[in-house]
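Report on one structure; see the data block that follows.
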Amino acid sequence: LYLDLYSEDWNLIDETNGLNDSAIWDIIEYDGSIYVATANGINEISIVNHSLIPDVNDHFKPLMNFKIYDMEVDSEFIYMATNGGLYKMDWEEGGLSMLSKKEFHKINLEENAIAGTDGTLWLINNENEEKYMSSNVHDFDICDSYIWMSKGNKSVLLDSTTNQNWKYDQSDGIPGQKIYGINCDTDWVWFLTNRGIAFYNWKQYHYEKD
């Protein structure tokens with residue numbers, strides 16, 4: 001679903017327009033295109049005319065029967081968390097490389113590594129070595145060397161350098177008893193809960209937890 005800012009009309013892109021599947025888990029923008037993660041592979045959509053761009057080089061054809069849960073990109077690769085494992089593809093040459101057999105539902109690029117959760121948070125380095133980070137992780141985000149994690153009814157902040165961690169829950173002002181999602185930047189972290197959204201200026205106040 002997209003909004004035309006000139007006509008102020010909403011328009012729907014689905015299987016009738018050529019989308020692989022109407023179930024969408026993630027979208028990303030890269031180099032003038034929108035890449036759509038579906039329950040049946042990946043589609044590329046023009047950011048100019050909103051039409052599907054044919055996969056003439058068959059770069060995404062091997063993923064046609066995969067559920068694509070999450071995607072991340074950098075200048076060289078697109079990384080894809082699927083029900084068949086974690087893959088990366090070279091933007092220029094195509095071709096898929098498997099980084100892990102784990103079924104991650106959320107991934108995040110870190111310097112010289114990629115983090116992912118399949119219920120357990122793992123960090124995968126350039127040699128594809130998997131390092132255990134934490135269990136019972138539903139969602140997470142990375143800011144510098146810190147990892148914010150949602151763990152059901154609480155959130156945990158992990159310093160990945162020292163392994164020190166701090167717990168945040170309702171007693172710290174997070175509304176609700178279930179945290180569905182979490183995101184951060186260098187100043188703020190925000191929690192998506194069953195009782196609304198909470199913002200916390202962790203840059204200013206986190207030191208008080210020490």
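The values are calculated or read from the model by the stated rules, or taken from the named source; none is laboratory data. This is a predicted model, so every value here is computed, not measured. Note that each Cβ is placed from the backbone with ideal geometry, even for glycine, and that neighbours are counted across all protein chains shown. Just so you know, the surface numbers come from the protein's heavy atoms only, side chains and all, with ligands and any DNA or RNA stripped out. Shrake-Rupley method; radii C 1.70, N 1.55, O 1.52, S 1.80 Å.
Quick test of your reading of the structure: TRP148 fulfils all but one of (1) open to solvent by 60 Å² or more (accessible area, probe 1.4 Å); (2) within 24 Å of ILE28 (Cα to Cα). Name the failing condition by number.
Unmet condition: (1).
Spot the failing condition for ILE124; the list is (1) open to solvent by 20 Å² or more (accessible area, probe 1.4 Å); (2) under 18 Å from the mean Cα position of the chain (by Cα); (3) more than 18 Å from ASP185 (Cα to Cα), and only one is missed.
The failed condition is (1).
Here's a check for you: in segment 151-210, which residue that is among the hydroxyl-bearing types (Ser, Thr, Tyr) and touching a Leu at 6+ places or on another chain (Cβ under 9 Å) is nearest to HIS138 (Cα to Cα)? Full working, then the answer.
From segment 151-210, those among the hydroxyl-bearing types (Ser, Thr, Tyr) are 155, 160-162, 168, 171, 180, 186, 193, 200, 205, 207; that's our starting set.
With touching a Leu at 6+ places or on another chain (Cβ under 9 Å) added as a condition, the list becomes 160, 168, 180.
Working: SER160: 18, TYR168: 15, TYR180: 7 Å.
Restricting to residues being among the hydroxyl-bearing types (Ser, Thr, Tyr) and touching a Leu at 6+ places or on another chain (Cβ under 9 Å), the top hit is TYR180.
Looking at segment 168-184 only, could you name the residues that are out of contact with any helix residue (DSSP H, G or I) (no Cβ under 9 Å at 6 or more places or on another chain) and under 14 Å from ILE147 (Cα atoms)?
Scanning segment 168-184 gives GLY181, ILE182, ASN183.
Under 7 Å between Cβ atoms, at least 6 apart or on separate chains: pull out the pairs that start in segment 92-103 with a residue that is open to solvent by less than 80 Å² (accessible area, probe 1.4 Å) and at pLDDT below 90 and end on any residue that is of a type outside the set (Asp, Glu) and assigned to a loop (DSSP other than H, G, I, E, B).
GLY94/ASN57; GLY94/HIS59
Sort through ASP169, ASP118, ASP139 and tell me the only one that's modelled with pLDDT of 90 or more, acidic (Asp, Glu) and open to solvent by 40 Å² or more (accessible area, probe 1.4 Å).
ASP118
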